Every structure is written in structure tokens, then in C-alpha cells.
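Have a look at the structure below, then the notes.
The values are calculated or read from the model by the stated rules, or taken from the named source; none is laboratory data. As the structure is a prediction and not an experimental result, all values here were calculated from the model. All Cβ positions, even for glycine, are placed from backbone atoms using ideal geometry, and neighbour counts span all protein chains on display.
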Amino acid sequence: MALNINKIEVPTPYRSGPANAYLIKNSPLTLIDPGPETVEALNSLKEGLLSLDVAVKDIERVVVTHYHSDHSGLAAWLMKEAQARVVIHKLEIRKLTPAYSYYQERLPFLIESGLPAGELNEILQDRDPVVKPVLPPSFIDAVVGGEVLHFADGGSLRVLHMPGHTSGHICLYNPVGRELFAGDFLLKHITPNPVMEADYPDFSRRNPALKQYLAGLKRIANMDVRICLPGHGENIDDCRSLVERYLEHHRQRLEVLQNILVRKKMNAYQLMRQLYPKIKGFQAFLGISEVFAHLDYLQETGRITRERRKGIAIYYRNVQESK
């Protein structure tokens, strides 16, 4: 059964631009990624629903592809206003609780990177312009991937666990219409960042973000996708070509880092500054996050070696790899 899919653009204060919320006008009425908790986003969402002859109270199910505030922020409001159930991966749930501290979890990794204290303070002071999303647990339906979300007329969406951008990122696939709701896993004009986080439940380790992301890309390349519906920007008509472009991007980035490490031993912060000499604040955090993701992948595949010196990780290319 075909799904009645409608896109609603909601503004965000982020560089990624407006977020795409998707209303599926099949029963139960389902809204994917409602947007950030801002007055502007709330008004846009209400106007979008009204234009589709849907009242807020009619929403029965909300799906959140990942916990980032530009996707999850209005989910709690919809819980309250519509008594809607919220579907989200179980690994994202702890990140949407009052006790969760974004930087407390990542601080050991930032110190390990060799980040100077002044720049660490810049990152910590670069506040999120959107209030931290919090979801009450009573209305959450946790998924792990592999579940099927059913509609009364026979339509369905398969839940795909696609970690990399976050550890609990999910995509949704309609096998009849061959639509893929991609969240931030695929974006037409931006390469999503493999964001650094702890590898739950072992918080002393980083999540293998790039390894997971590359595996997800290869999984999508083997799927029959007619159109990809991303969390930001335009629809993607040729999903396989975009996946190949992403794979090539990361192959080149891995090669660049290896070549730098032939010449000199460096820490993650120094490598980040080689790639991004001018970025500051949260963008510098994302830069370190990206570099660590690639370094972890290179180390796991035996192409570089890591040493620890006074709490800072130093990397160099293995002799046999540099020949």
C-alpha cells in the first residue's frame, strides 16, 4: 500500500538549515522528526499541519530518527498535546533525559585529543541556541532495528538501525513505494559528521562511528531505493550515486590523514588544525569528532599506531604501511 507522504519544512538556527518533518497521512497519523523546540519551528509545524487539514491532536505517532534537537525537540510537545507515542532507538533515550550532559561524556576524549584549554573553553561556552530536548519515558516506544511500523490500510515502514551520525540513528524504509526516510544519515549537499560519543555501556571508549557509518552506507547501496527523503534539504533521486560519493569522500579523508602521519607524529587536535585551521567553538568540536572517527578506523584496520603521552593520544603511520 502506498503511503501518503507530505513534507513540512521547519526552520532551525543551525548551519544545516531548515529541517524536514514528514507527515504520513495514513492511520495512525505519523510524524517523522517534528523539528526543534523553538517558537518559529512550532508555528511552521502548526501551519504545515493545518495546510494538510490535520489538527495537532490528530497525530498518533511520532518517529524520531535521532536525538539531535533539530529533529527531536518538538516530540515532547506532541506527546503532551496529542498524547502521541514516540518511536526512537533505545540508545537515544538516555540522551533525552534531564541528567544527560553532552560534554561530560565527551570531555575525556577532548582532553585526549590535545585540545588546548582555551579552545576547550570556547567549545564549552558555545551554547546550543535550542533548549535541550527531554522526553518523558511513559510515551516512548523503544526500537532496536528490524521492527515494522504498521498502518491500518496495510502500509508499513521498516526500522533500520543506521549508526554513525549518532549511535542510535534510525532510517525508515517503505518497501512498496521504495522510499527511504534518511534523517541525517544521507544529505544531498552535506556529508554528515560521524559525531563522537561514548560507546555505551563502556563510556571509556569512543563509539566506532566511521566503521558503523561506512557499513550503513554499503547496506543502503544494496537496497532498492527509489527516492531518499532526508532530514534536511532536497529529496535524493539517485541514492546509490550519493552513497558512492560519500564512500569516496571518506576514502580520501583516510588517505589524507595517513599521508600526514608519514611525515610527523601528531595528536587529533593537531590533525584537525591541519584540515580546518580557522574553525572555532562547536565547529571545532565537530572537526575533532571527524578526525577521531577516521583515526579510530585507521587504527582498527592496522594502518596507524596510537601512543599515549601524559594523557594525550599521539598517532603515527606504521612503517610497513608507509613503504
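Suppose we filter the range 213-233 for residues that are surrounded by fewer than 19 Cβ atoms within 10 Å (Cβ to Cβ) and either on the phi > 0 side of the Ramachandran plot or touching a Ser or Thr at 6+ places or on another chain (Cβ under 9 Å) (or both); how many remain?
So the answer is 1.
Given Lys25, Lys46, which one is out of contact with any His (no Cβ under 8 Å at 6 or more places or on another chain), under 18 Å from Leu180 (Cα atoms) and among the charged types (D, E, K, R)?
Lys25
Test Leu286 against the criterion of being in contact with a helix residue (DSSP H, G or I) (Cβ under 7 Å, 6 or more places away or on another chain) and within 30 Å of Tyr14 (Cβ to Cβ), and give yes or no.
no
Please go through (1) touching a strand residue (DSSP E or B) at 6+ places or on another chain (Cβ under 9 Å); (2) closer than 23 Å to Pro208 by Cβ; (3) assigned to a helix (DSSP H, G or I); (4) hydrophobic (A, V, I, L, M, F, W, C) for Ile314 and return the number of the only condition it doesn't satisfy.
(3)
Restricting to the range 23-43, name every residue that is under 27 Å from Asn193 (Cβ atoms) and touching an Asp or Glu at 6+ places or on another chain (Cβ under 7 Å).
Answer for the range 23-43, where residues must be under 27 Å from Asn193 (Cβ atoms) and touching an Asp or Glu at 6+ places or on another chain (Cβ under 7 Å): Gly35, Pro36.
Just to verify a result, which residue in the range 245-271, among those that are touching a Gly at 6+ places or on another chain (Cβ under 7 Å) and part of a helix (DSSP H, G or I), is nearest to Arg306 (Cα to Cα)?
Ala268
Being surrounded by fewer than 21 Cβ atoms within 10 Å (Cβ to Cβ), of a type in the set (Val, Ile, Thr) and either under 24 Å from His161 (Cβ atoms) or in contact with a Leu (Cβ under 7 Å, 6 or more places away or on another chain) (or both) is the filter here, so list the residues in the range 33-66 that pass it.
Val54, Val56 - these are the residues of the range 33-66 that are surrounded by fewer than 21 Cβ atoms within 10 Å (Cβ to Cβ), of a type in the set (Val, Ile, Thr) and either under 24 Å from His161 (Cβ atoms) or in contact with a Leu (Cβ under 7 Å, 6 or more places away or on another chain) (or both).
In the range 16-33, is there at least one residue being more than 20 Å from Lys95 (Cβ to Cβ), modelled with pLDDT under 95 and of a type outside the set (Phe, Trp, Tyr)?
yes
Restricting attention to the range 57-108, and to residues there that are in contact (Cβ under 8 Å) with a residue 60 or more places away in the chain and of a type in the set (S, T, N, Q), which single residue is farthest from Leu23 (Cα to Cα)?
So the residue we want is Ser69.
Of all the residues that make up the range 1-18, how many are in contact (Cβ under 8 Å) with a residue 24 or more places away in the chain and either under 15 Å from Lys46 (Cβ atoms) or polar (S, T, N, Q) (or both)?
Going through the range 1-18 one residue at a time, the tally reaches 7.
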